[in-house]
Amino acid sequence: MKKILCLFMLCANTAYAVNFDIYQSDYKPLNLAMLVDVAPEYDDDEALFYQVVTHDLASSQSFKVQNPIGFLAEPSESFVQVTYDDWRIIATDTLVLCRLRRGEDQWVLDVQVHEPFQKKMLAEKHFQVTGNALRSLAHQVSNLIYQVVLKIPGHFSSHVIYVTQHGDKSDLVYMDQDGANQQVIGRNFTLLLSPDWSPDGRYIALNTYVGNRPRLEFFDLKTGKRDVFGHFKGLNSTPEYSPDGKSVAATLSKSGNADIYIYNIQHRTWRQLTQSRALDTTPTWSPDGKWIAFASSRAGSPEIFRIPVKGGKVERVSLEGKYNTSPVWSPKGDRIAFITKKDWSFALATARMDGTGLRYLATGDAIESPAWSPNGQMILYAAEDHGVRRIYRVPSWGGTPVAITPVGQDASDPSWSN
């Protein structure tokens, strides 16, 4: 039990919590207990595995990891026979039992997920992965637990790209969704903004600069090649892939005014979607690919509107406030995340597509660039921390914002993989 307690304490100190004025949900996290049975010579590997799984689930804020000091059972005993009453006594909602073994250049894992109060096993699964894939295996286990308990696909094997600024140069950085395994995948851009991941995960659409002139590029993650697809006079900004990956919506001002355009990747052609004397910018696609929402000054101040992709009548989405911008459509299509103002601060909020159900998730200095997780349960955004931007995540239903990029690294413009 002492070893398990040390693992619990290690996991509890892996995130950076910050205080924001947030929407408080009535949701009560589920108590989760986890036991790992492993040979003594692999204690360090067990520590990593336990840390990653429990950190994944705790960071979702849907689970509360229980302190092992109160457990009444040992890992090896529990995997043979579960005594549900031992777990009901300490109010365990979800019990996870793992038997981890090291084979020849591989890890072999058996997992059971139990619901003590219903006295039943929810899932049992066998895993085999290569010897250097233990962290990836842990994320797969987190996905399994999240799926069988909450009936929602997990997002723990996904990845994030974002922009870092150093001096007068920008880098494109790749990392796991929990902030681990950071890698610079594109270096020394003059300026880099609004990266967006293609649905197949191979390409990034970018807003870059050559000198003082903006342009739009595709960045091939496999080959490192860059292909310019927008280099017009004026604005070339805020690209976003369509759900089928065949088109990109972006903001161009080549006709003298900022409007929304759609680029056909196969035919390499542009089509103008909006036509207004106002400024139309930051397009975002609906999950079915039939609508585009965008921010516009056509109401006098920045507000959110939507328009059919085929063209047609523009409809207003945002109903409250006098400043609403940077919309991002949720994966389910039922809500939209955006940046607004609350009192005298910027705020991250979501609302239904008819403008109702406004929910504030975070307030702070210079909040920007919201991005949904693939399952719609979390939102990333950038905000200033003592004058330096960091990437934060917060549950889309309301919770505590947590920073996932290091202190001192200027980080912005996150994009989440599918």
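Laboratory data are not the source of any read-out in this text; all were calculated from the coordinates shown. Here the structure is a predicted model, which means the values were calculated and not measured. When we count neighbours, we look across all protein chains shown, and the Cβ atoms used for this are built from the backbone with ideal geometry, even at glycine.
Numbers at a glance
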read-out: Placed amide H near V317: partners under 5 Å, 5+ positions off or other chain; value: I304, F305, R306
read-out: The chain, relative contact order [Cα under 8 Å, separation at least 6], %; value: 12 percent
read-out: Hz values of 3J(HN,Hα) by residue in the range 212-220 - Karplus curve (6.51, -1.76, 1.60), Gly and Pro given as x; value: 9, 9, x, 8, 10, 9, 9, 10, 7
read-out: Nearest-20 debye value, the chain charge dipole, Cβ charges on Lys, Arg, Asp, Glu; value: 1760 debye
read-out: Over 42 Å [Cα-Cα, the chain], rounded percent; value: 19 percent
read-out: Amide H partners (placed H, <5 Å) of R335, local residues excluded; value: S330
read-out: Charge sum, other residues only, whose C-beta stays under 11 Å from L30's C-beta, Lys/Arg counted +1 and Asp/Glu -1; value: 0
read-out: Separation between Cα centres of the range 169-233 and the range 341-387, rounded to whole Å; value: 23 Å
read-out: The chain: calculated mean residue ellipticity at 222 nm from DSSP helix runs of at least 4, using -39500 (n - 2.57); value: -4000 deg cm²/dmol
read-out: Extension gain from V407 to V184, taking 0.36 nm per residue of separation minus the Cα-Cα distance; value: 78.6 nm
read-out: The range 76-160: translational diffusion in µm²/s, Stokes-Einstein, Kirkwood Rh over Cα pairs, 4 °C, 1.567 mPa s; value: 93 µm²/s
read-out: Proximal lysines relative to K332, as straight alpha-carbon distance under 30 Å, when same-chain residues fewer than 8 apart are discounted; value: K28, K64, K125, K151, K222, K246, K290, K310, K313, K322, K341, K342
read-out: The range 398-413 - phi-based ³J(HN,Hα) in whole Hz, Karplus 6.51/-1.76/1.60, Gly and Pro as x; value: x, x, 9, x, 9, 6, 10, 10, x, 4, x, 8, 6, 10, 7, 6
read-out: Angstrom value of the Kirkwood radius, inverse mean 1/r, which spans all Cα pairs in the range 289-375; value: 13.1 Å
read-out: Residue order, fewest to most surrounding Cβ atoms within 10 angstrom, among E217, E124; value: E124, E217
read-out: Over 23 Å [Cα-Cα, the range 172-330], rounded percent; value: 38 percent
read-out: Over the range 105-223, equivalent-ellipsoid semi-axes from the Cα gyration tensor in Å; value: 39, 15, 12
read-out: Among S60, A258, G186 the positive-end extreme of the charge dipole of the chain (Cβ point charges); value: A258
read-out: Angle between the chain longest axis and helix 134-150 axis [Cα atoms, degrees, rounded to 10]; value: 90 degrees
